[in-house]
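These notes are about the structure you will find just below.
Nothing in this text is a laboratory measurement; each read-out follows from the coordinates by a stated rule. The structure displayed is predicted, hence computed values, not measured ones. For neighbour counting, all protein chains shown are included, and Cβ atoms are generated from backbone atoms with ideal geometry for every residue, glycine included.
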Amino acid sequence: MSDQEYKENEMEKDIPNQEVENENIEGVNDSAEDFENAENEPIESENELLKAEVEKERNNFLRLFAEFENYKKRTSKERIELFSTANKELMTALLPILDDFERGLKEIEKSSDDVLLQGMQLIYNKFKNTLSQKGLKEMEVKQGDTFDAEIHEAIAQIPAPSKKLKGKIIETVEKGYKLGETIIRYPKIVLGN
């Protein structure tokens, strides 16, 4: 082989190599585009994934916040109910003393000692005002009122003195009291038959 033939042979070998190299370069370019597209797809799906996760966390936060608000409302309502009825036991224990005070005043009115009566009335008024400031209210029950089993306690039935009082309240034996809006002692009444 001559030098020239050798060179031509080498050139022919180089030409296919250059084509292969060009094909490889084009393949690299295609691969780079594919890589960029592949990167964009995960970025978009990653963004969607992150958005979904943020939305999920937002919903969890809103639920937790709503539960906390409901808890605060419930506990404050329970606290108010507790404070309003905290005196219930004490008031219930003081009611017989109030009844005794009223009976004592009636007996003192029968005597001729006006100074004793005035002193007892002052003490009674102060005691009753203190209880009313704490939420105690006397239930109004008059003769001739209609009997209501929800708010009255009938302890006896007697023949009605008149037709108008038949099925109505004749007499109140023991006063009823409310603490706020809760009845702590029902009025005991005598019912006309």
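Annotations
- Exposure proxy order (Cβ contacts within 10 Å, fewest to most) of T182, T146: T146, T182
- S111-R63 pseudo-label distance in nm [points 7 Å out on the Cα-to-Cβ vector]: 7.4
- Footprinting exposure proxy for K137, K51 (fewest neighbouring C-beta atoms within 10 Å first): K51, K137
- Look at I123, I189, I184 and count the other Cβ atoms within 10 Å of each Cβ; fewest to most, that gives I123, I184, I189.
- Each other residue within a Cβ distance under 13 Å of L165 adds +1 if Lys or Arg and -1 if Asp or Glu, for a net charge of +3.
- Positive-end residue of V173, P159, F147, charge dipole of the stretch 135-193 with Cβ unit charges: P159
- Flagged links, alpha-carbon separation over 20 Å, of K134/K178; K134/K188; K72/K134; K88/K175; K142/K163: K134/K188; K72/K134
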